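To start, the structure under review is shown below, and the notes come after it.
Just so it is clear, none of the values below were taken in a lab; they were calculated from the coordinates. Everything numeric here is computed off the predicted structure, so don't read it as measured data. Glycine gets a Cβ as well: all are built from the backbone with ideal geometry, and neighbour counts include every protein chain shown.
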Amino acid sequence: MALATLHWKTDETLAVGKGATVQQFVASLGGDKLEIDVAPWGEGHLRINGREIAHVEGLKDRRQAFRAIKEIAERYVETHMLKSEKKNASIALPAVKAKLLEGKKGLIVGIANESSIAWGCAKAFRAFGAEVAVTYLNDKAKKFVEPLARALEAPIFMPLDVNTPGQMEAVFERISKEWGKLDFAVHSIAFSPKDALQGRVVDVPRDGFATTMDVSCWTFIRMAHLAEPLMRKGGTLFTMSYYGSQMVVKNYNIMGVAKAALECAVRYIAAELGPKGIRVHAISPGPLATRAASGIPEFDALLDRAKAKAPARSLVSIDDVGVATAFLAHDAARLITGETLYVDGGYHIID
Ligand SMILES: NC(=O)c1ccc[n+]([C@@H]2O[C@H](COP(=O)([O-])OP(=O)(O)OC[C@H]3O[C@@H](n4cnc5c(N)ncnc54)[C@H](O)[C@@H]3O)[C@@H](O)[C@H]2O)c1
């Protein structure tokens with residue numbers, strides 16, 4: 001953050017005490033408001049967005065207090081991300097010099113907000129030069145997804161609730177009409193009703209099982225079916241899985257069963273579409289604090305365990321998942337297919 005962007009202006013002079021005055025200065029940075037108060041007896045305060053950040057006292061006079069607190073403010077904005085920056089940073093695309101996926105066009109399904117794994121994927125694909133089509137669940141979700149789609153310069157932005165008949169077909173029709181081809185598709189959605197997800201697998205009701213499998217697994221199969229005719233020159237299909245498909249992970253329950261089916265579908269579809277140059281992968285990220293994850297009880301404990309046990313001693317980010325996924329869409333990965341790629345700091349290899 002450049003210090004020069006802080007321009008302090010006198011705001012108003014407030015009378016305080018017997019003839020004493022407290023002077024107020026304000027500066028703004030993006031959408032953030034910084035305020036300094038200085039008193040003639042050498043006391044000063046710094047507030048950012050109304051919250052007190054620093055306080056000095058015992059200085060000679062107002063001028064000295066102002067200098068001291070101004071320095072603190074400048075150092076603070078140099079080393080901290082302010083609210084407006086955080087907002088922009090989270091929707092900013094990483095700067096990547098090599099446009100390794102230039103000319104490729106793909107569909108990203110599953111962006112709910114800027115914590116979504118699908119958003120991490122979309123950012124990476126776009127940063128590598130690909131064009132992306134983006135979907136949103138419904139009108140309620142649209143306002144969160146729209147600014148992200150704009151940042152991605154997505155030429156196709158459409159609703160897709162997989163429970164609404166015809167919506168997935170409409171997305172593929174539009175892609176066919178507008179692009180005439182598809183190079184990659186990312187399926188990053190899952191759903192299980194609470195009573196199915198939060199109970200034992202042995203107790204799961206039939207409708208809960210059916211919904212979980214339908215949204216979390218069958219829709220990927222359907223996406224592959226609709227993508228196939230558009231991938232005449234080959235392509236790559238991705239879905240998101242989790243380690244709970246292979247091992248019993250506390251609280252993952254029926255979703256583990258659905259992910260096992262999903263990974264198996266990946267292998268069958270990879271075998272079926274491989275001769276056409278279409279590759280198929282499951283990506284298996286370590287735990288990430290997303291909205292979907294908030295439905296899993298004791299998720300914080302899962303995060304702590306992942307960090308402590310993973311050889312990398314680190315949690316993964318959506319950007320880590322995004323670049324690994326984008327790599328597999330590159331022609332350099334043309335002979336890798338049917339894989340479940342763990343992006344988990346190596347957690348899955350440890351007992
Ligand atoms: N967060 C994790 O720890 C983690 C780890 C491994 C795998 N995953 C998987 O990653 C994928 C993405 O989840 P996330 O963690 O980014 O959470 P998220 O909540 O950001 O994304 C889940 C998405 O599923 C979409 N969705 C749910 N029902 C839908 C429907 N009927 N029609 C269309 N879309 C629907 C939601 O709109 C949302 O965009 C999921 O498959 C999840 O199981 C998550």
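Would you work out the relative contact order for the stretch 213-351, in percent, from Cα pairs under 8 angstrom that are 6 or more residues apart?
Details: 204 pairs, mean separation 38.4, N = 139.
28 percent.
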How large is Rg over Rh for the stretch 19-59, taking Rg from the Cα atoms and Rh as the Kirkwood inverse mean of 1/r across Cα pairs? 1.03
Set Lys and Arg Cβ to +1 and Asp and Glu Cβ to -1, take the dipole of the chain about its Cα centre, and tell me which of Leu152, His330, Met168 lies farthest positive. His330
Give me the net charge of Glu153's neighbourhood, meaning all other residues with Cβ under 13 Å from the Cβ of Glu153; Lys, Arg count +1, Asp, Glu -1. +2
Let me know the shape class of the stretch 106-218, please: from the alpha-carbon gyration tensor, a ≥ b ≥ c as square roots of the eigenvalues, rounded when a/c is under 1.5, otherwise prolate if a/b is greater than b/c, or oblate. prolate
Given the chain, what whole percent of its Cα pairs are spread farther than 31 Å? 45 percent
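Once you keep just the Cα pairs under 8 angstrom separated by 6 or more residues, what percentage relative contact order results for the chain?
Relative contact order, the chain: 12 percent.
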Distance from a point 7 Å along Cα→Cβ of His348 to each backbone N in the stretch 259-296: keep the residues under 14 Å and list them by number. 259-267, 281-287
What 222 nm value per residue comes from the helices of the chain, counting each DSSP H run with n ≥ 4 as -39,500 (n - 2.57) and dividing by all residues, nearest 500 deg cm²/dmol? -11000 deg cm²/dmol
Under a 5 Å amide H to amide H cut-off, with H placed in plane at 1.01 Å, what residues pair with Tyr342 once short-range neighbours are removed? Ser284
To make sure I understand the rule: partners must be aspartates and glutamates, Cα under 14 Å from the Cα of Lys194, and not fewer than 8 residues away in the same chain. Which ones qualify? Asp203, Asp207
nm² value of the averaged projected area, convex hull over the Cα atoms of the stretch 154-207: 5.4 nm²
For the stretch 290-297, Karplus couplings with θ = phi - 60° (6.51, -1.76, 1.60), whole Hz, Gly/Pro x: 10, 5, 4, 5, 5, x, 9, x
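Rule-of-thumb check for the stretch 261-301: C-alpha Rg over 2.2 N^0.38 Å?
1.67
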Subtracting the Cα-Cα distance of Asp195 and Asp331 from 0.36 nm times their residue separation yields 44.7 nm
Using +1 on the beta carbon of Lys and Arg, -1 on that of Asp and Glu, and nothing else charged, what's the dipole of the chain about the Cα centre, debye to 20? 460 debye
